[in-house]
Amino acid sequence: MRHHSFLATSIIGFALLGLLGCGTTVSRVAPEEQIDLSGQWNDVDSQQVASALVTQALSTPWIKDFTVAHGKKPTLIVGNINNKTPEHIPMKTLVADFERFFINSGAVTVVASAEEREGVRAERQDQHDYAAQDTIKSWGKERGADFMLLGEVNSIFDAKDGKEVKYYQVDCYLVNLEDNTKVWTGFEKIKKYVGRSKYRP
């Protein structure tokens, strides 16, 4: 009886060791390190596209024309960037990348999105209800944007025999909010080759 009990305990122990041996391994890496495991859109693509398109936008005549005409740098809002691909792409991350590169350029003023403004307005209302009089922020002083950035992400995928070519194109344009004219349009491409080895038992 003891022999059988010892044998059962040993089998369970070895099984547990086997399970532990198949555990997940996690290694910390630098956030700026480029890692592409699946070939799908990732954080590197988002930052690369936003940086390239902001650089394009700021190097064209519209910004100089506006500054000369109005004596100040333009105010910009990043609007909808639509995902037209079959992949899930976190568009809020892409929008945030655009905002960061525009803000850090110092060439334009960036205002909050419609969603963010709702939160700000709720806070302003809360101040009027509860904050000390000398700290309350006034209504009707929000800065209106002069231009809105709009765009979309499209893709073409070509696959055969475990190999795949993934092509993404991000098209963006700036619209003058006063007269609806497009003052700039640009695009950025990303192309990836993904090779997948066949499973061998």
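Can you order the peptides 75-82, 113-120, 63-70, 90-97 by their average number of other Cβ atoms within 10 Å per residue, highest first?
So the peptides 75-82, 113-120, 63-70, 90-97, ranked by packing, come out 75-82, 90-97, 63-70, 113-120.
If I take R0 = 35 Å and measure r between the Cβ atoms of Lys160 and Glu123 in this structure, what FRET efficiency does the formula 1/(1 + (r/R0)^6) give, to the nearest 0.05?
Details: r = 54 Å, r/R0 = 1.55.
Given R0 = 35 Å and the Cβ-Cβ separation, E is 0.05.
Can you list the equivalent-ellipsoid semi-axes of the stretch 56-201, largest first and in whole Å, using the square root of 5 times each Cα gyration tensor eigenvalue?
Semi-axes from the Cα gyration tensor: 39, 23, 11 Å.
For the stretch 70-84, just list the computed ³J(HN,Hα) in residue order, Karplus coefficients 6.51, -1.76 and 1.60, θ = phi - 60°, integers in Hz, with x standing in for Gly and Pro.
10, x, 7, 6, x, 9, 10, 10, 8, x, 6, 10, 8, 8, 9
Please rank His128, His88, fewest neighbouring Cβ atoms within 10 Å first, as an exposure proxy.
Arranged by neighbour count, lowest to highest, His128, His88 become His88, His128.
Quick note: the coordinates plus some simple rules give every number you see, no bench work behind them. Keep in mind that this is a model prediction, so the values were computed, not measured. With ideal geometry, Cβ positions are generated from the backbone for all residues, glycine too; neighbour counts draw on all protein chains shown.
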